[in-house]
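S.K.: This is the structure, below, for whatever I ask next.
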Amino acid sequence: MKLDPTDREAIAYLRSPQAIRERCEQLFELACADRLRYFRSNLSQLTATADYVIQVIRENYPNLDIPFHSRWRHFEVGDVPRLAQLEEKLADLTPLEKAWAKFDLAIISVLLDAGAGSQWQYQEPETGKVFRRSEGLAVASFHLFCQGLFSNDPANPLQVDAIALQKLSTDQLAQGFQASQTNPLVAMQGRAELLQRLGQTLQLHPKYFGLQNPRPGYLVNYLLDQTVQGQLTASTVLQAVLEGLGNIWSGRITLAGVNLGDVWPHPALSPQTTSPHSPLPTPYPTLIPFHKLSQWLTYSLLEPLQEIGVEIIELDALTGLPEYRNGGLCLDLGLLQVKDPTILQKAHLPGSEAIVEWRALTVTLLDKIAETIRQQLNLTATQLPLVKILQGGTWTAGRKIAAERRPGGIPPIQIESDGTVF
């Protein structure tokens, strides 16, 4: 499909980390002026919030040797050496083949990482340990990958391919996740349909996923071609993820037939509130991109690339992740204040005005928290990039404060997940 140049420019902009920051900053400025419907910002709590996060970082990483915030952390939950077990299974493969398998695993697991709800749990057969929420989803998806559920080739179970994904049924996935009426996992059908659409999308983009028996892991080959003197920008990885996987998201805003993904309108934005720094008229000014799952996936793909010798640069071009742990931290510690208490009493759809506001303000506040933490610790952005602050960090601190404030550690605002956003 040939796009009009204006639409092509708008799509490229709305897929960029620059657009995420600019649009979120516009809402943040309105929040500071108390011109939003649901939230206001209280920056007097910024130092206290940064101090709380630093305390959590030092509890978990006393030497500040913090890994990236990525799916790989969840695979080691419960002190079980699952990644060592994976390395053993992949021992006979070449470094490139190992990277394909790790991309396959990371992509499938992240796409299955949407909020699980408060009632679901997964008991690991090998250890008997019980895991919930994101860690439970990670452990379950890890074992399903190792069992070959996502491979159509019995001789090569440790892969994900287009044929197997399109054959996957909701019942198969539910069985693998131990989901049932008494152990309900939110949006079970939505998760299965997402993977089925992934299988279809792999076949539509041989540029990214290969022509013969397409796999998510073959994205490694495309990214290796984009490296310059062994270096690759984080934004290049995100762009490939957004372009290659854009078709999998259901029920989203489209522009000239192109699915924009995690992009939502907010009525407070208009041509008058667009960035003064943009040299061109800003396209579609009411739309705010987040690309939360795509950025989480990008962060999770960086380590397999590093293992085969690729140097990742410009890490901080990507943004913080606007989800309920980071957003909950900002609310629970008073950086954000609710103007309408009724939003705390009911669940909201991802595209609702209140949730879009909450997410946008979270992105900007994460940057401010990160900057304050670096000042407190006397570290640079290179020494302590945002992806490490998220891990150390704001996500962990958000979970901790939620557990202190509410039974079950539920977030302060409830979201009706469709299995594809958070």
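The values are calculated or read from the model by the stated rules, or taken from the named source; none is laboratory data. Fair warning: this is a prediction, and the values are worked out from it, not measured in the lab. No Cβ is skipped: glycine too gets one built from the backbone with ideal geometry, and neighbour counts run over all protein chains shown.
S.K.: Of everything in the range 8-43, what is of a type in the set (D, E, K, R), touching a strand residue (DSSP E or B) at 6+ places or on another chain (Cβ under 6 Å) and over 17 Å from LYS368 (Cα atoms)? Give them in sequence order.
M.R.: Listed by number, the list holds a single entry, ASP34.
S.K.: I would also like to ask the following. Is it the case that some residue within the range 32-41 is in a helix (DSSP H, G or I), within 24 Å of the chain's Cα centre (by Cα) and at pLDDT 95 or above?
M.R.: Looking through the range 32-41, none of the residues is in a helix (DSSP H, G or I), within 24 Å of the chain's Cα centre (by Cα) and at pLDDT 95 or above.
S.K.: Further, regarding this structure: Looking only at residues in the range 222-236 that are within 23 Å of GLU97 (Cβ to Cβ) and without any contact (Cβ under 8 Å) to a residue 40 or more places away in the chain, which one is surrounded by the most Cβ atoms within 10 Å (Cβ to Cβ)?
M.R.: Result: THR236.
S.K.: Can you list the helices (runs of 4 or more DSSP H) lying wholly within the range 149-218 that have 3 or more residues being within 22 Å of the chain's Cα centre (by Cα)?
M.R.: 188-204
S.K.: Further question on the same structure: Check PHE131, PHE142 and return the single one that is assigned to a strand (DSSP E or B) and touching a residue at least 24 places away in the same chain (Cβ under 8 Å).
M.R.: Being assigned to a strand (DSSP E or B) and touching a residue at least 24 places away in the same chain (Cβ under 8 Å) holds for just one of PHE131, PHE142, which is PHE131.
S.K.: Now a separate question. Among what's in the range 56-73 and is in contact (Cβ under 8 Å) with a residue 24 or more places away in the chain and not in a loop (DSSP other than H, G, I, E, B), pick the residue that is surrounded by the most Cβ atoms within 10 Å (Cβ to Cβ).
M.R.: This residue is ARG71.
S.K.: Consider GLU357 against the criteria (1) of a type in the set (Asp, Glu); (2) touching a strand residue (DSSP E or B) at 6+ places or on another chain (Cβ under 7 Å); (3) surrounded by fewer than 21 Cβ atoms within 10 Å (Cβ to Cβ); (4) modelled with pLDDT of 95 or more: it satisfies all of them except one. Which criterion is unmet?
M.R.: Only one criterion in (1) of a type in the set (Asp, Glu); (2) touching a strand residue (DSSP E or B) at 6+ places or on another chain (Cβ under 7 Å); (3) surrounded by fewer than 21 Cβ atoms within 10 Å (Cβ to Cβ); (4) modelled with pLDDT of 95 or more is unmet by GLU357, namely (3).
S.K.: Farther than 30 Å from GLY334 by Cα and part of a strand (DSSP E or B) - does that describe any residue in the range 95-103?
M.R.: So far as the range 95-103 goes, no, none of its residues is farther than 30 Å from GLY334 by Cα and part of a strand (DSSP E or B).
S.K.: Is there a residue in the range 257-276 that is closer than 27 Å to GLY199 by Cβ, polar (S, T, N, Q) and modelled with pLDDT under 95?
M.R.: yes
To keep it simple, each residue is scored yes or no on (1) touching a helix residue (DSSP H, G or I) at 6+ places or on another chain (Cβ under 6 Å); (2) basic (Lys, Arg).
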| position | (1), (2) |
| --- | --- |
| ARG8 | no, yes |
| SER16 | no, no |
| ALA19 | yes, no |
| ARG23 | no, yes |
| LEU30 | no, no |
| ALA33 | no, no |
| LEU36 | yes, no |
| ARG40 | yes, yes |
| THR47 | no, no |
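S.K.: Okay, next question. Working carefully through the options THR94, THR47, find the one that is surrounded by fewer than 17 Cβ atoms within 10 Å (Cβ to Cβ) and closer than 22 Å to ALA403 by Cα.
M.R.: THR47
S.K.: Report every pair of residues separated by at least 6 positions or lying on different chains whose Cβ atoms are under 7 Å apart, first residue within the range 1-16 and part of a loop (DSSP other than H, G, I, E, B), second surrounded by fewer than 19 Cβ atoms within 10 Å (Cβ to Cβ).
M.R.: Once the first residue is part of a loop (DSSP other than H, G, I, E, B) and sits in the range 1-16, its partners that are surrounded by fewer than 19 Cβ atoms within 10 Å (Cβ to Cβ) give MET1/GLY257; LEU3/ALA256; ASP4/ALA256; ARG15/GLN239.
S.K.: Ok, one more. Consider THR380 against the criteria (1) surrounded by fewer than 23 Cβ atoms within 10 Å (Cβ to Cβ); (2) at pLDDT below 95: it satisfies all of them except one. Which criterion is unmet?
M.R.: Evaluating THR380 over (1) surrounded by fewer than 23 Cβ atoms within 10 Å (Cβ to Cβ); (2) at pLDDT below 95 leaves (2) as the failure.
S.K.: Identify, by number, the condition in (1) modelled with pLDDT of 95 or more; (2) part of a helix (DSSP H, G or I); (3) under 24 Å from THR286 (Cα atoms) that GLN337 doesn't meet.
M.R.: (2)
S.K.: Would you check if ALA106 is surrounded by 17 or more Cβ atoms within 10 Å (Cβ to Cβ) and more than 15 Å from LEU198 (Cα to Cα)?
M.R.: no
S.K.: State all residues of the range 65-96 that are more than 23 Å from the chain's Cα centre (by Cα) and farther than 18 Å from LEU302 by Cα; if no residue qualifies, say none.
M.R.: ASP79, VAL80, PRO81, ALA84, GLN85, GLU88, LYS89, LEU90, ALA91, ASP92, LEU93, THR94
S.K.: Sticking with this one: Taking GLN239, is it part of a helix (DSSP H, G or I), surrounded by fewer than 22 Cβ atoms within 10 Å (Cβ to Cβ), modelled with pLDDT under 95 and polar (S, T, N, Q)?
M.R.: Taking the combined requirement at face value, the residue does not satisfy it.
S.K.: Counting only residues that are within 30 Å of ASP225 (Cα to Cα) and not polar (S, T, N, Q), how many does the range 307-331 have?
M.R.: Residues meeting the conditions: 14.
S.K.: Moving on. Output the number of the condition that SER352 fails; it satisfies all remaining conditions of (1) small (Gly, Ala, Ser); (2) touching a strand residue (DSSP E or B) at 6+ places or on another chain (Cβ under 7 Å); (3) closer than 18 Å to PRO267 by Cβ.
M.R.: Only one criterion is unmet by SER352, namely (2).
S.K.: Right, next: In the list ILE389, ILE401, which residue meets the criterion of being under 16 Å from the mean Cα position of the chain (by Cα), assigned to a helix (DSSP H, G or I), of a type in the set (A, V, I, L, M) and over 20 Å from ALA19 (Cα atoms)?
M.R.: The conditions single out ILE389.
S.K.: Looking at the range 117-126, can you tell me whether even one residue there is of a type in the set (Ser, Thr, Tyr) and touching a Pro at 6+ places or on another chain (Cβ under 9 Å)?
M.R.: no
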